[in-house]
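This report refers to the structure that appears directly beneath it.
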């Protein structure tokens, strides 16, 4: 009987997916059955084949990681979700878990952590990389905005992060496959919720909240 853990890898970079696949190929109990570049594709894959775990990035074009997690959880409740991201800030971890992820590890983690996390969440447990749990630092000034940011929808959160990183509205629209007017409406709504009028102020709030790092 085949007892291997069936995995679908979701990342918009082919090189990253290839690296994950090579890493998991060394595990006798794990089988990568499919790959996808974005959320829309993995949702389609799940209509065509049965998977045990989705290993996915958060930063992807189209739906984005958080919205993809939410939709997987709504439509395929028995599928486990492990986030494998470059983001090591606690707010990303909490947003992913709240959306429905079963685990969260970073791309800087030791090679064996991926397989360990997969096995643990398949046993019905959650897995968050220990270094993320150990991070207790909180930027001063952030608590004034955290409740607002935590209440953002998945799409608002994605757009907030992209704008804070300096992307123009045209680039945000292209990245998330939105119309420019839709992206602009989201931007206006986000700034209103944070009570700011400029993208500079928005970026500053993101830095205080630990979502982006200062560039020198």
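We did not get these values from a lab; they are worked out from the coordinates using the rules stated. Just so it is clear, the structure is predicted and the values come from calculations on it, not from any experiment. Counting neighbours? That spans all protein chains shown, and the Cβs are built from the backbone with ideal geometry, glycine included.
Once both labels are positioned 7 Å from their Cα atoms along Cα-to-Cβ, the gap between residue 44 and residue 116 label points is 3.7 nm.
Taking a quarter of the surface of the convex hull around the Cα atoms of the stretch 143-208, what do you get in nm²? Could you put the intermediate results ahead of the total?
On the way: hull surface 15.5 nm².
One quarter of the hull surface, i.e. the mean projection, equals 3.9 nm².
Principal axis analysis of the Cα atoms in the stretch 1-124 yields extents of 36, 32, 29 Å, listed in decreasing size.
Against the chain, whose longest principal axis comes from its Cα atoms, helix 65-75 is set at around 50 degrees.
I'd like the FRET efficiency for residue 29 and residue 89, computed as 1/(1 + (r/R0)^6) with the beta carbon distance as r and R0 of 25 Å, rounded to 0.05. In this case the efficiency is close to 0.20. For the options 34, 203, 192, a Gaussian network treatment of the chain with springs between C-alpha atoms closer than 10 Å singles out 192 as fluctuating the most. Shape class for the stretch 18-63, computed from the alpha carbon gyration tensor (a ≥ b ≥ c): oblate, with a/c not under 1.5 and a/b at or below b/c. The antiparallel fraction among DSSP beta bridges confined to the chain stands at about 0%.
Here the chain is treated as an ellipsoid with the same Cα gyration tensor; its semi-axes, largest first and in whole Å, are 31, 19, 15.
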